[in-house]
Each structure stands twice: as structure tokens, then as C-alpha cells.
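In what follows, a single structure is set out as C-alpha cells and then discussed.
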Amino acid sequence: EFVTFPQQIFTLVNFAVLPFWALMIAAPKWEVTQKTMRSTWPILLCASMHLSMVAYGLSQPGSFEEFQFLATQGFVKLSAMQEMRQYPVFVSEEWAHVLAWDLFVGRYVYLDGLEKKVPTPHSLFFTFLLGPLGLTSHLVTRAIVTKDAS
């Protein structure tokens with residue numbers, strides 16, 4: 001089977017984020033984990049994959065019409081977003097977008113937990129799986145542990 005660029009990016013970004021999540025969840029106190037996650041390069045790596053997918057998508061025939069449809073319909077109609085899912089470029093771009101943002105939020109949760117001495121594995125797990133729910137979990141945990149809701 002011929003592997004397309006969208007398929008490659010989809011696979012690459014899925015595997016690219018996993019080591020960072022594993023480090024933050026399984027080895028949060030390890031010096032390598034702390035050094036890696038204090039750096040912005042994990043986020044930039046994922047963001048560059050997302051950017052490459054955007055650039056590729058915009059270079060494809062019909063991309064202007066697809067983008068115009070997304071910009072005018074996709075943000076206001078569920079049916080339009082469902083229709084966009086038929087385009088592999090859109091799916092790969094959106095998935096790379098989600099994984100990069102989730103890693104960004106996970107990095108915040110991890111670093112904030114280190115700084116404030118708040119346990120984070122459960123919140124990181126939820127961030128990895130459910131995005132905003134993990135951030136909410138961290139903020140609630142932090143408020144309980146530090147007795148500070150800010």
C-alpha cells in the first residue's frame with residue numbers, strides 16, 4: 001500500500017508524543033525527564049509536524065476551497081466538520097494540532113506540579129486521553145494540595 005504524506009504525519013506525530021508522556025508520567029523526578037520537559041523542543045517538534053501538514057495541505061489542489069469551507073462553515077456547523085473528516089489532510093492536520101496542544105498542556109501540568117510539589121500522574125494521564133479534563137484535574141488537585149485555588 002502506498003503511504004501518503006498525511007498518513008506519515010499521522011503516524012509520526014502519534015509516536016513522537018509518546019516518549020514525552022511516558023517520561024512525565026512514569027519518571028517525573030528523573031533528571032532527564034525534567035531537562036527534556038523544561039525545554040521547548042518537544043513542543044516545537046510536534047508543532048513542526050503540524051506546520052508541515054498545514055503547508056502540505058495548502059499546497060494541494062482544491063485546498064483554498066476546502067479552507068474556505070472550513071472557515072465559513074466548519075466553525076459553525078457540526079455537519080460541516082463531519083464532512084471535513086473525509087479529507088485525510090484535514091484529519092492528519094487536526095490530529096497533529098490536538099496532540100501538540102495536549103502535549104503543551106501536559107508540559108504545563110508537569111512543570112507546575114514540580115514547582116508546587118503537586119502530584120501529577122493522574123492529571124497527566126487524563127490530559128493525554130481527554131485534554132482539558134486533565135488540566136481541570138490538575139487545577140483541582142493543586143487547590144487541594146496547596147490549599148490555594150489560584
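A cut-off under 13 angstrom between Cβ atoms defines the neighbours of residue 13, and their net charge, with Lys, Arg +1 and Asp, Glu -1, is -3.
Can you give the net charge of the other residues whose Cβ lies under 15 Å from the Cβ of residue 42, counting K and R as +1 and D and E as -1? Can you show the working numbers first?
Details: positive: 35, 38, 107; negative: 102.
Neighbour charge sum, excluding residue 42 itself: +2.
Restricting things to alpha carbons, find the Rg to Rh ratio for the chain using the Kirkwood radius for Rh. Walk me through the numbers on the way to the answer.
Working: Rg = 17.8 Å, Rh = 16.8 Å.
The Rg/Rh ratio comes out at 1.06.
The simple spin-label model puts a point 7 Å past each Cα toward its Cβ; for residue 18 and residue 147 those points are separated by 4.3 nm. Only aspartates and glutamates eight or more places from residue 116 in sequence, or on another chain, were considered; those with a Cα closer than 15 Å are 148.
Say R0 is 30 Å: what FRET efficiency, to the nearest 0.05, do residue 41 and residue 116 get from their beta-carbon distance? Here the calculated transfer efficiency is 0.80.
Taking every protein chain into account, the 1.4 Å probe leaves residue 105 with about 40 Å² of accessible area, to the nearest ten.
Expressed as a whole percent, the accessible surface of the chain that belongs to carbon and sulfur atoms is 69, based on a 1.4 Å probe.
Using a cutoff of 8 angstrom between alpha carbon atoms and counting only pairs six or more residues apart, the relative contact order for the chain works out to 25 percent.
Among 116, 77, 147, the order of accessible area from largest down is 147, 77, 116, computed with a 1.4 Å probe on protein heavy atoms. Every helix of 4 or more DSSP H residues in the chain counts as -39500 (n - 2.57), and over all residues that averages to -25500 deg cm²/dmol at 222 nm.
The values are calculated or read from the model by the stated rules, or taken from the named source; none is laboratory data. If you're wondering where the values come from, they're calculated on a predicted model, not measured in any experiment. Backbone-built Cβ (ideal geometry, glycine too); neighbour counts: all protein chains shown. These accessible areas exclude ligands, DNA and RNA; they are computed on the full protein's heavy atoms, side chains included. Shrake-Rupley method; radii C 1.70, N 1.55, O 1.52, S 1.80 Å.
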